[in-house]
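Trainee: So that we are looking at the same thing, I have put the structure below in structure tokens.
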Amino acid sequence: MAEIKLDSLTKTYGPTQVLYHVHADIEDGEFVVIVGPSGCGKSTLLRMIAGLESITTGEVSIGDKVVNGLEPADRDIAMVFQNYALYPHMSVRQNMAYGLKIRKQPKAEIERRVQEAADILEIGQYLDRKPRQLSGGQRQRVAMGRAIVRDPQVFLFDEPLSNLDAKLRVQMRLEIRKLQKRLGVTSIFVTHDQVEAMTLGDRLMVLNAGYVEQFGTPIELYDRPATIFVAGFIGSPAMNFLPATAANGTVTLGNGVSLPGADGVSGPVTFGIRPEHLVPDDTGPIRVCVQLFEALGANTLLHGVLEGTETAVVVSLPGHVTLEPGETRSFSAPPAAQHLFDSDSGARIEP
Amino acid sequence: MVENRPFVTILAHLVLIFGVALVALPVWITFVGASHDGARMLQAPIPMWPGDQFFVNLRQTFLGNGLDGTRTAPVWMMMFNSLVMAMMIAVGKIAISLLSAYAIVYFKFPFRMGVFWMIFITLMLPVEVRILPTFEVIADLGMLNSYWGLTVPLIASATATFMFRQVFLTIPDEMLESARIDGAGPMRFFWDILLPLSRTNIAALFVILFIYGWNQYLWPLLITTDANMMTIVVSIKQMLEASEQTPQWNIIMMTALLAMVPPIIVVIAMQRLFVKGLTETDK
Amino acid sequence: MLKRVHFPPSLLPYLLVAPQVIITVVFFIWPASQAVYQSFLVEDAFGLSTEFVWFENFTYLWNSRQYLDTFGRTIYFSAAVAFLSMSFALILAGFADRVIRGSTIYRTLLIWPYAVAPVLAGALWLFMFNPTLGIIPFMLDNVGYDWNHYLNGNQAMCLVIIAAAWKQVAYNFLFYLAAMQSIPKSIIEAAAIDGAGPFRRFATVIFPLISPTTFFLLVVNAVYAFFETFGIIHAVTQGGPANATTTLVYKVYNDGFIGLDLGGSAAQSVILMILVIAMTVVQFRFIEKRVQY
């Protein structure tokens, strides 16, 4: 068990910088998800913590120890890879035992720990099979088993669910969460899937182009996104962004409609509102021309444009609603659900 | 088959059977030649059907001192020499190619590319184009008439190195990362992970290299002057020369048969590996 | 080219490449550079003194009728071997691709000559063509054709070409069959629906699609005929009669080991090296193409 400290980590490959001064204090037993689009540097960051990638500047500490100079094997970590990286020529049992064998654990101890891990993951009956004889979900479990059998201080997960089909992914997601809570091992999980990130993490680190956009709990990220990027990345369907101008405590949208806004802000801003926060209101200020709609059963998604503009707007309406393309609907936006961002920097403007 | 044309199918079988017969004809003649007594093999036309002397000839050839009037060693000894040479070449080539491919793919070290290109150059220097100077090197090192002299100059191999490099490159990076997290050092990773994962490629290459080694001709011809070091493939030429004075075609044919049977058995028994080896090394 | 993760720097990689590098330097690079060096030398008849003569050995070869003839003969020999064995293999592979049942049996029956050493292939055919005993001269005699490759240069050439091509059929067959079997069935079916019969399909669809293999085999067969047929020629004709079957490699051997003309033999080696380099470059540029295909 250990806390992890990332102190001003940077990474450059030749002339290209892929990570900029990443700071994080991860508590003992915490489950942190690093999320971001592909190419944002999240896997690189994880691999730097694992010791598979060199650290350009900054420090990684696990427990109280700076591990920059340590080999991966000496960092007391275990990693689950995207393609599982099971040794194809070894049985499940041998796969799980390999790391312990190298560490010269006694045979009986290895046997006991493999059995224990197999019981936890319910893969006891596959122990003598080869990885190719297992289904994707079973391989995933073996990969997990290989990690927990070592009883490490830290689990690192590198998009371990992305090779599974959608249904299995949801199931494994829950199992990983349960397992992590049960074992209480500090974990870092990398994914590009924001739903996975929201459901798994105690805290989320949103990475974009090498910068940490925000590091906080899922609800913080949802309620108070620090940047336009986070606002657009977290939540599905994505937040609506409407170009607007702020002056004298009001925000004026592109079609001239004004809404009460923040004091002390003036100039061009971006007005953000989540599709599920627009409330149908015949007298509401936000009028949307319907282009098409998607009936999803539990809710209906309206796709349209803000009246008088070309700005796309999506509204999530509860239940079944029948809409006519071409008609105009009115909505109001509760002040608590409104977000304002600086148009240039993308930073959140607190009301 | 796309459509049903019995005529074309029958034609195909006829052509193929004719082709197989044509390809097999020289070996059939050899087999027939090896099954008659020496006197019968001097009367034209030679027989087309096997005689009853096969085992007599086999015994005489295998254990005897080759032809009358030549100074060859017994055939069994030459076959043994061929076997040792083929095994040393195959195992040696595989071993040094595995090691250098491993270094080139999994380590970053100064001169890595230099080593790579140096190995590449060997592709362009077949023994045939550097016969004399290589012979001089072997002579200077005192390696004439030795198994080492027969094999070591032939075991550097660009093709085998490139093949293993290709194999290693297709092994996912995560294998190494996972092994490193498991605490495996470089040699441990090589033994525990890399070698088992390359097993079929090694076997396939072995089949090709065994044939290559067994069939060496020019190099053993130069290096071995001692009859006891001669390989069976080289001895054929000696026998053909001798046959100009005293033809003993039954013995020559039997020797030829014995010289080609081991590699042919290897090809047929390990056909799958053979095809894999041939197509993957791309020569 | 390289894994994204490596082992930390150490001496180990040098130890790993050491055997290969040492053998390469001692038995490949050093002798090859010796060959280059010697190609600039002329040794007197008694081997007592050597003289550095720059490109004299090369200009001598360039002006030597005999060498140029050997060059032309080698090209003719290679072309004949490649054409004969490739066309024979192509026909067989075309038919073998067509038969569903038995195509692996035919493959087994056709690939084993690959395992026969060139010198043995030479010995086998030499016996078949033996002027007094051989089965083929006997048959030719019946139709009034006199065969004696010990006297007739063209016949000797013919014999070594047949022996060399025979051995190579297996290799060509294997690659042609593999190439044909990798053509998607749907393409052949589409051609059949378009109304193309089996022979037309072969000529207009299959053969063009396997053209990369044809090109690859051309290079491989040329290299084979240039360098690996030494055993056949040495066993069957010793380059004779009257040099009618002397190829470049045979001449290097003959001038160097029998004639003891060090400089001349070395210069010929250097020319062969240049040829191999050219062929290797062609082969490698081509293999890249084949990967895409």
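Trainee: Keeping to segment B:164-197, report how many residues are crowded, with 20+ Cβ neighbours inside 10 Å, in contact (Cβ under 8 Å) with a residue 12 or more places away in the chain and at the interface with chain A (Cβ under 7 Å from one of its Cβ atoms).
Mentor: Qualifying residue count, segment B:164-197: 2.
Trainee: Looking at A:Ser258, is it open to solvent by 50 Å² or more (accessible area, probe 1.4 Å), among the hydroxyl-bearing types (Ser, Thr, Tyr) and closer than 16 Å to A:Ala347 by Cβ?
Mentor: No.
Trainee: Yes or no: C:Ile162 assigned to a helix (DSSP H, G or I), more than 9 Å from chain B (Cβ to nearest Cβ) and open to solvent by 20 Å² or more (accessible area, probe 1.4 Å)? Talk me through it step by step, then tell me what you get.
Mentor: Values: assigned to a helix (DSSP H, G or I): yes; more than 9 Å from chain B (Cβ to nearest Cβ): yes; open to solvent by 20 Å² or more (accessible area, probe 1.4 Å): yes.
Yes; evaluated as a whole, the condition is true for this residue.
Trainee: I would also like to ask the following. Out of all the residues in segment A:300-327, which are open to solvent by less than 50 Å² (accessible area, probe 1.4 Å) and in contact (Cβ under 8 Å) with a residue 40 or more places away in the chain? Spell out how you get there, then give the answer.
Mentor: Step one: list which residues in segment A:300-327 are open to solvent by less than 50 Å² (accessible area, probe 1.4 Å), which gives A:300-302, A:304-306, A:309, A:311, A:313-317, A:319, A:321, A:323.
Answer for segment A:300-327, where residues must be open to solvent by less than 50 Å² (accessible area, probe 1.4 Å) and in contact (Cβ under 8 Å) with a residue 40 or more places away in the chain: A:Leu301, A:Leu306, A:Thr309, A:Thr311, A:Val313, A:Val314, A:Val315, A:Ser316.
Trainee: Further, regarding this structure: Could you run through segment C:15-28 and say how many residues are more than 7 Å from chain B (Cβ to nearest Cβ) and of a type in the set (Val, Ile, Thr)?
Mentor: 2
Trainee: Oh, and also: State the number of residues belonging to segment B:254-273 that are part of a helix (DSSP H, G or I) and surrounded by fewer than 23 Cβ atoms within 10 Å (Cβ to Cβ). Give the derivation first.
Mentor: If we filter segment B:254-273 for residues that are part of a helix (DSSP H, G or I), which is where we start, we get B:254-269, B:271-273.
Now restrict to residues that are surrounded by fewer than 23 Cβ atoms within 10 Å (Cβ to Cβ): B:257-258, B:261-262, B:264-266, B:268-269, B:271-273.
Within segment B:254-273, residues that are part of a helix (DSSP H, G or I) and surrounded by fewer than 23 Cβ atoms within 10 Å (Cβ to Cβ) number 12.
Trainee: Sort out which residues of segment C:171-190 are at the interface with chain B (Cβ under 8 Å from one of its Cβ atoms) and among the small types (Gly, Ala, Ser), and write them in order of number.
Mentor: C:Ala178 - this is the single residue of segment C:171-190 that is at the interface with chain B (Cβ under 8 Å from one of its Cβ atoms) and among the small types (Gly, Ala, Ser).
Trainee: May I ask you to say which residue of C:Val119, C:Val81 is more than 8 Å from every other protein chain (Cβ to nearest Cβ), under 24 Å from B:Val233 (Cα atoms) and among the aliphatic types (A, V, I, L, M)?
Mentor: C:Val81
Trainee: Let me ask something else about it. Please list, ordered by first then second residue, the pairs with beta carbon atoms under 9 Å, 6 or more apart or interchain, first in segment A:149-161 and touching a residue at least 12 places away in the same chain (Cβ under 8 Å), second assigned to a loop (DSSP other than H, G, I, E, B) and aromatic (Phe, Trp, Tyr).
Mentor: Cβ pairs passing all conditions: A:Phe157/A:Phe81; A:Asp158/A:Phe81; A:Glu159/A:Phe81; A:Pro160/A:Phe81; A:Pro160/A:Tyr84.
Trainee: Tell me, which residue of segment B:140-161 that is in a helix (DSSP H, G or I) and free of Cβ contacts under 8 Å to residues at least 60 places away in the same chain is surrounded by the fewest Cβ atoms within 10 Å (Cβ to Cβ)? Can you show your working first?
Mentor: Of the residues in segment B:140-161, the ones in a helix (DSSP H, G or I) are B:140, B:147-154, B:158-161.
The next check asks that each one be free of Cβ contacts under 8 Å to residues at least 60 places away in the same chain; those that pass are B:140, B:148, B:158.
Values: B:Asp140: 9, B:Trp148: 13, B:Ala158: 22.
Here the answer is B:Asp140.
Trainee: Could you tell me which of the residues C:Ile91, C:Ile75 is out of contact with any strand residue (DSSP E or B) (no Cβ under 6 Å at 6 or more places or on another chain), free of Cβ contacts under 8 Å to residues at least 60 places away in the same chain and farther than 30 Å from B:Ala156 by Cα?
Mentor: Checking each option against the conditions leaves just C:Ile91.
Trainee: Please determine whether any residue of segment B:7-22 is modelled with pLDDT under 80 and within 13 Å of another protein chain (Cβ to nearest Cβ).
Mentor: Here is the first cut: in segment B:7-22, the residues modelled with pLDDT under 80 are none.
No: zero hits.
Trainee: I'd like the full set of residues that are over 25 Å from the mean Cα position of the chain (by Cα) and modelled with pLDDT of 75 or more, limited to segment B:60-74.
Mentor: Of everything in segment B:60-74, just one residue is over 25 Å from the mean Cα position of the chain (by Cα) and modelled with pLDDT of 75 or more, namely B:Gln60.
Trainee: Follow-up. Quick one: which strands (runs of 3 or more DSSP E) sit completely within segment A:258-351 and have at least 1 residues that are of a type in the set (Phe, Trp, Tyr) and outside the structural domain of A:Ala226 (by TED's automatic domain parsing)?
Mentor: Where strands (runs of 3 or more DSSP E) fall fully within segment A:258-351 and carry at least 1 residues being of a type in the set (Phe, Trp, Tyr) and outside the structural domain of A:Ala226 (by TED's automatic domain parsing), they are A:267-273, A:286-295, A:328-332, A:339-342.
Trainee: Here is a further query. Given the residues A:Ala73, A:Ala97, A:Ala108, A:Ala85, which is the only one that is closer than 25 Å to C:Phe7 by Cα, modelled with pLDDT of 90 or more and of a type outside the set (D, E, K, R)?
Mentor: Exactly one of A:Ala73, A:Ala97, A:Ala108, A:Ala85 is closer than 25 Å to C:Phe7 by Cα, modelled with pLDDT of 90 or more and of a type outside the set (D, E, K, R), namely A:Ala97.
The values are calculated or read from the model by the stated rules, or taken from the named source; none is laboratory data. As the structure is a prediction and not an experimental result, all values here were calculated from the model. Cβ coordinates were reconstructed from backbone atoms using ideal geometry, including for glycine residues, and neighbour counts include every protein chain displayed. Each accessible area value is taken on the protein alone, full model and side chains, heavy atoms only, with ligands, DNA and RNA left out. Shrake-Rupley method; radii C 1.70, N 1.55, O 1.52, S 1.80 Å.
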